[in-house]
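Derivation of every value follows stated rules applied to the coordinates shown; laboratory data play no part. None of the values given here were measured: they were computed from a predicted structure. Cβ sites come from the backbone with ideal geometry, for glycine too, and all protein chains shown count toward neighbours.
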Amino acid sequence: MTPAARLSAAIEVLDEIARSRAPADGVLKHWGREHRFAGSGDRRAIAERVYRTLRARSKLAWAMGADDGRALVLGALARLDETPLDGIEALFCGGHAPEPLTPDERALLARDPPAEPDWVKAGLPEGLSQPFHDRFGDDWVAEARALTQDRAPLDLRVNGLMGPPAKALNLLAFDGVEAAAPTPFSAWGLRLPADFATDVQKTKAYTTGWVEVQDESSQIAAFLAAPDGGGGLVVDYCAGGGGKTLALAQTGPARLIACDVNEKRLNAIKERLDRARAKAERRRIGTDGQGTEDLIGAADLVFVDAPCSGSGTWRRHPEGAWRLTMDGIDRLAVLQTAILARAATLVKPGGRLAYATCSVFTAENDAIADAFAAAHPDFRPLPIAEAARTAHLHAEGAARLAELAGGSHTIQLTPRRTGTDGFFLALFERPL
């Protein structure tokens, strides 16, 4: 494909992302299947163009006065690539290339863009600027930019059921993966740079169960939640794809149960469990918690990774910021409140309850935790600093987490603060 044809493809993909609810990577894969003539280099170049444009969508739409695929690609050529106007005109020439520039487009590209308001500098839709300001105060623009503009590294979790991180590093090196470095918080984490190109899931370390792909934020949450020393009954109440189920498995529970309302997701966990040589029961539950009656008051830990906005994962899914509304966040908060209350009934005296989201919004995080505490005086907040005394975290990392949390039982991880995805955790304990 010519450079101009790749631009046409990027415009097509961006418009489809805007029309659909499918993730950007899914739209790109579908486009590749429907356009077999595009080689691997073409697909890679188109994907890079699409993601770079999505991350700068706020800036580009502000400069162009529109946010359709054509406007965004034109804006990216001018504002990101600094392509001169005559160079853009040479690329927008019709045929397999995008249609020629209109007089209005030419005039827009020729002028300096207007001064950017803070929500544009933050890389956000205007409607999300206030909740970011409410959550992060004067740091809200920098916190938002780290979520919307930066690329995420690739984090791995070493499966402690197999052996130590050193052995996993040797196995990765066997397949030429030598860029992995220890993560700063999780004692089982390894980090690869954002531009790492090798498919880790094809390595021996992955196929033999030694490593799993898991952002360090998720590892931190699982290891903070798990009672030190392991044992007992652990319930992963909203197991989803099973990432935290697998992390919890290596903390040594006597019995581990992965619950979810979606049977398809539960079935997918089995392959991951088998590969990791981990054991967990899988249990489909009803939307009102049906199917957990035998677990009431029995669990040493109930981990609730509640359905959420996913705002903490925007480094990987930049399209998500533009699909989110405050009404959507409010609807999620109702669901989160109900799920947490149901899950709490499973905790035994002396047991723990963990509430987590991959979100950075107060309405999904602190507000839910505060409302739960007010409605459930039989649970006491468990300070993060106390939970951080675990061998699953590096000592320096644990100290940093305790510092971030202060004396609180809640903690908000972010790319800017911790170099991780945005992730929230609240811990409670049911006294004996």
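Projecting the Cα atoms of LEU171, ALA344, ALA56 onto the charge dipole of the chain, computed from C-beta unit charges around the Cα centre, puts LEU171 farthest toward the positive end. Computed from backbone phi, the HN-Hα couplings of region 6-15 come to 5, 5, 4, 5, 4, 4, 4, 5, 4, 5 Hz, rounded to whole numbers (Karplus: 6.51 cos²θ - 1.76 cosθ + 1.60, θ = phi - 60°; Gly and Pro given as x).
Net charge around LEU353, counting only other residues with Cβ within less than 13 Å of its Cβ (Lys, Arg = +1; Asp, Glu = -1)? So the environment of LEU353 carries a net charge of 0.
Values (i) 23.1; (ii) 25.4; (iii) 24.1 are given for comparison; Kirkwood radius over Cα pairs in Å, derived from the coordinates here, is the one labelled (i). Filter the cross-link list LYS202/LYS279; LYS270/LYS348; LYS29/LYS121; LYS244/LYS264 down to pairs whose alpha-carbon distance in this structure exceeds 21 Å. Cα-Cα > 21 Å for LYS202/LYS279; LYS270/LYS348; LYS29/LYS121; rest within.
The GNM of the chain, with springs linking C-alpha atoms under 10 angstrom apart, assigns the highest mean-square fluctuation among LYS279, LYS244, LYS202 to LYS202.
Each part gets one Cα centre, and for region 79-151 versus region 209-251 those centres are 39 Å apart.
Relative contact order of region 122-277, taken over Cα pairs closer than 8 Å and 6 or more residues apart, is 21 percent. 3J(HN,Hα) along region 326-338, derived from phi through the Karplus expression 6.51 cos²θ - 1.76 cosθ + 1.60 where θ = phi - 60°, amounts to 5, 4, x, 5, 5, 5, 5, 4, 4, 5, 4, 4, 5 Hz, with x in place of Gly and Pro. Once Rg and the Kirkwood radius are both taken over the C-alpha atoms of region 3-116, their ratio Rg/Rh works out to 0.96. On the beta carbon distance between ALA367 and ARG331, with R0 = 22 Å, the FRET formula returns roughly 0.95.
Please report the net charge: other residues with Cβ closer than 13 Å to the Cβ of PHE185, K and R +1, D and E -1. After counting each charged neighbour, the total is -2. Basic side chains Lys and Arg get +1 at the Cβ, acidic Asp and Glu get -1 at the Cβ, and with that the dipole of region 95-235 about its Cα centre reaches some 620 debye.
Over the residues of the chain, the helix contribution to mean residue ellipticity at 222 nm works out to -12500 deg cm²/dmol, using -39500 (n - 2.57) for each DSSP H run of at least 4.
The label-point distance for SER40 and ALA197, in a model that sets each label 7 Å from Cα toward Cβ, rounds to 0.9 nm. Sorted on the mean count of surrounding Cβ atoms within 10 Å across their residues, most packed first, peptides 299-310, 14-25, 65-76 read 299-310, 65-76, 14-25.
3J(HN,Hα) along region 312-318: x, 10, 5, 4, 8, 10, x Hz, from the Karplus curve 6.51 cos²θ - 1.76 cosθ + 1.60 with θ = phi - 60°, whole Hz, x for Gly and Pro.
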